[in-house]
Amino acid sequence: RGFSDGMTVYNPGTIANNNISSLNEKTLKPAYTVSYDANGGTGDVASQTKCSGIDLTLASAGFTRTGYTLDGWATSANGAKVYELGGTYSANDDLLPLYAHWTAKTYTVTLNRQGATTGSESVTATYGADMRAITPPTMLCYTFGGYYTETEGGGTQDYKADGTSTRPWNIDEATTQS
């Protein structure tokens, strides 16, 4: 450790007869590392260094994940959101790591009733979650066979004839089912 008069740094034992009126001890504040984990997402967010006693502004973006929105930082992989994106970290300790906190996106799925006048017109789907049951359409002289991703019963079936879902929603956009 040394001392400074504002212009020169002096080591202990070297300041005899230099007529220095005051000395300022130079001390280093501890530094802490804050790192980030994508938690199922992709991309990179650089670790940050936090100096003791000085607030750190946390990363505000950097990771992406299909069907989800990054909405903050958690202290465990399955934990609740603790910090906002771009929020303030004030503690003086290593935080290894902060985990991306994801919220599943929701979509409006329009149901093409193909001439029927009854039944659900649309449903809200949440990415990765089972789709809600719908009211099947009815039309004179036709039997409803379900909703599919393509016309004429082509593609993947999303709803059975009874209006129940066949699988979790996994399309990252609003869409029309036929």
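The values are calculated or read from the model by the stated rules, or taken from the named source; none is laboratory data. Only a predicted model underlies this, so the values are computations on that prediction, with no experimental measurement involved. For neighbour counting, all protein chains shown are included, and Cβ atoms are generated from backbone atoms with ideal geometry for every residue, glycine included. When the accessible area is computed, the model is the full protein with side chains, heavy atoms only, and any ligands, DNA or RNA have been set aside. Shrake-Rupley method; radii C 1.70, N 1.55, O 1.52, S 1.80 Å.
Side notes on the structure shown:
- With all protein chains modelled, accessible area of Leu96 [1.4 Å, Å²]: 120
- Straight-line cross-link reach from Lys29 at under 17 Å between alpha-carbon atoms covers these aspartates and glutamates, not counting any fewer than eight positions away in the same chain: Asp55, Asp93, Asp94.
- Under 12 Å from the Thr33 label point (7 Å along Cα→beta-carbon), backbone N, segment 74-89: none
- Convex hull volume per residue for segment 90-150, taking Cα atoms only, in Å³: 120
- Residue separation of Ala104 and Ile171 scaled by 0.36 nm, minus their Cα-Cα distance, works out to 22.9 nm of gained length.
- Of the listed residues Met139, Met131, the order by accessible area with a 1.4 Å probe, largest first, is Met139, Met131.
- Projected label points at Asp55 and Glu152, each 7 Å from Cα along the beta carbon direction, are separated by 6.3 nanometres.
- Label zone at Thr135, where the point sits 7 Å out along the Cα-to-Cβ direction: segment 88-127 residues whose backbone N lies under 20 Å: 108-125
- Note on segment 54-178: semi-axes of the ellipsoid equivalent to its C-alpha gyration tensor, largest first and rounded to whole Å, are 44, 11, 11.
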